[in-house]
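The structure under discussion appears below in the form of structure tokens.
Nothing in this text is a laboratory measurement; each read-out follows from the coordinates by a stated rule. Just so we're clear, the structure is a prediction, and the values are computed from it rather than from any experiment. Please note: Cβ atoms are built from the backbone with ideal geometry, for glycine as well, and neighbour counts cover all protein chains shown.
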Amino acid sequence: MKSWLNISDNSDFSIHNLPFGIFSVGASKKRVGVAIGEQILDLYGVTSKGLFKNKTLDKKVFLQDYLNPMMALGKSITVPLREEIQNLLVSTRSPLRKMPKLFINQKDASLHLPIKITDYTDFYSSKEHATNVGKLFRDPKNALLPNWKHLPVGYHGRASSIVVSGTDIIRPKGQTIPMGKSKPIFGPSRLMDFELETGFVIGKKSELGKPIKCNKAEEHIFGMVLFNDWSARDIQKWEYVPLGPFLGKNFASTISPWIVTLEALKPFRVQGPKQSPKVLPYLEYRGKKNFDINLDVVLETKEGIATTLSRSNFQFMYWNMSQQLAHHTVNGCNINIGDLYGSGTISGKRKNSYGSMLELTWRGTKPIKLKDGTSRKFIQDHDTIILKGYAEKKGIRVGFGEARGKILPSK
Ligand code: CA
């Protein structure tokens, strides 16, 4: 499959991808777009010109601040719609060829938070990450807690402070315990960290009291984003007992602006790791539920010198998204269109594939050397952290773009 548009072979936004996002140009109203190569196809424009076969589509669905109304149409509408867009971009006789105004250069557009996030939950589903954190904070011999292999551990996070890529992050202040002291002090976090995660977005709600079956869970998942769950380790360490993360996490999280659909990710499905002990029946699943997605973390200094900190992959996750959703709803908890679920930090087996500074520097004991000769134990003011992600197989590339955020000094 090839588009008549000029798209470079290493573009994240190939003809196979077609992720959805919200953009605006200048003072124009926010609207729904699809990323293609270096450009955005304006879907409000496409519907206004009457180019879609589905004449019952309300064009207002594409002139919105968020994707929620479009996702609410359901996959029976949005999946064929995406295929139609693909055809319009491939067919040599496409009417779009005579409508250059419907294509906007990404660099000329503002990309906005693509979804109105109704609720946000974060999981803890990478065995390597949970093991590393267990070793660092508890017992090196019994790093995993007894529940970990029986259920996807998670907690309810904060939706209000999730921001789109490119938004600056102010270093949080809070209570911390200085080394060797027993009384807390108040001030800026000294142990700012990132967490390399992916997130998935809900496009179909469920009813209160009705659990989602593991093998039906993907019907509810519209697509995926990159997700940086910024973490202040010193605040987290003091506050997290006994109820878990709070102010060490909820000051900000960053997502990438384009939602990559599960349909686009289909060629990259892989078998997940063998789960032993055997899981309870409600967590059993059939088929390939993991995805082979390469993930990189880059630190860019104030001067713009970039160093790759980590290279990981989403396929190693112990618990998959379907299991996470089945577990989340097994007690009757309902989900809504616009919910966001974080995977949990994605660490690989190798030391250069860990998904946080905490692990990469082994809690600051092994600083990372950067390209400019300086080193980091944790993130400094004016450092920018960039998450990147892409899947690639047999010449098909589907990427996520990036989730970028710069740390600014506390105010
Ligand atoms: Ca996290």
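So the values come out like this:
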read-out: Long pairs among LYS237/LYS351; LYS210/LYS237; LYS127/LYS249; LYS127/LYS411; LYS278/LYS366, criterion Cα-Cα beyond 26 Å; value: LYS210/LYS237; LYS127/LYS411; LYS278/LYS366
read-out: Net +/- balance of residues flanking ALA232 in space, Cβ distance below 12 Å, scoring K and R +1, D and E -1; value: +1
read-out: Student exercise, the chain dipole from Lys, Arg, Asp, Glu Cβ charges, in Debye to nearest 20; value: 440
read-out: The stretch 372-411: C-alpha gyration tensor shape, a/c 1.5 cut-off, then a/b vs b/c; value: prolate
read-out: Among the listed pairs LYS302/LYS388; LYS204/LYS349; LYS59/LYS216, those beyond 24 Å (Cα-Cα); value: LYS204/LYS349; LYS59/LYS216
read-out: Neighbour net charge for LYS116 - beta-carbon separation under 14 angstrom, K R +1, D E -1; value: -1
read-out: Low-density loop cleavage sites - GluC sites (Glu not before Pro) in the stretch 33-98, where at most 16 other Cβ are within 10 Å (DSSP); value: GLU38
read-out: Loop-located trypsin sites (Lys or Arg not before Pro) in the stretch 1-85 whose Cβ has at most 11 other Cβ within 10 Å (DSSP); value: LYS2, LYS29, LYS53, LYS55
read-out: Per-residue [θ]222 nm for the chain (sum of -39500 (n - 2.57) over DSSP H runs n ≥ 4, rounded to 500); value: -3500 deg cm²/dmol
read-out: In the stretch 268-316, GluC sites (Glu not before Pro) in a DSSP loop with at most 11 other beta-carbon atoms within 10 Å; value: GLU303
read-out: Prolate/oblate/rounded call for the chain, Cα gyration tensor, a/c under 1.5 rounded; value: prolate
read-out: Relative contact order [Cα under 8 Å, 6+ residues apart], the stretch 20-112, whole percent; value: 39
read-out: Kyte-Doolittle mean at least -1.0 and Cα axial length at least 20 Å: DSSP H helices in the chain; value: 75-90
read-out: About the Cα centre, charge dipole magnitude for the stretch 76-124 (Lys/Arg +1, Asp/Glu -1 at Cβ), debye; value: 460
read-out: Under Karplus coefficients 6.51, -1.76 and 1.60, residue-wise ³J(HN,Hα) of the stretch 249-255 in Hz, glycine/proline x; value: 10, 8, 6, 4, 9, 10, 10
read-out: Signed unit charges on C-beta, dipole axis of the chain, positive-most listed residue PRO277, PHE316, SER356; value: PRO277
read-out: Extreme residue, positive dipole direction of the stretch 112-159, given options LEU113, GLY157, ALA130 (C-beta unit charges); value: ALA130
read-out: Cα gyration tensor shape of the stretch 20-112, rounded if a/c is under 1.5, else prolate or oblate by comparing a/b with b/c; value: oblate
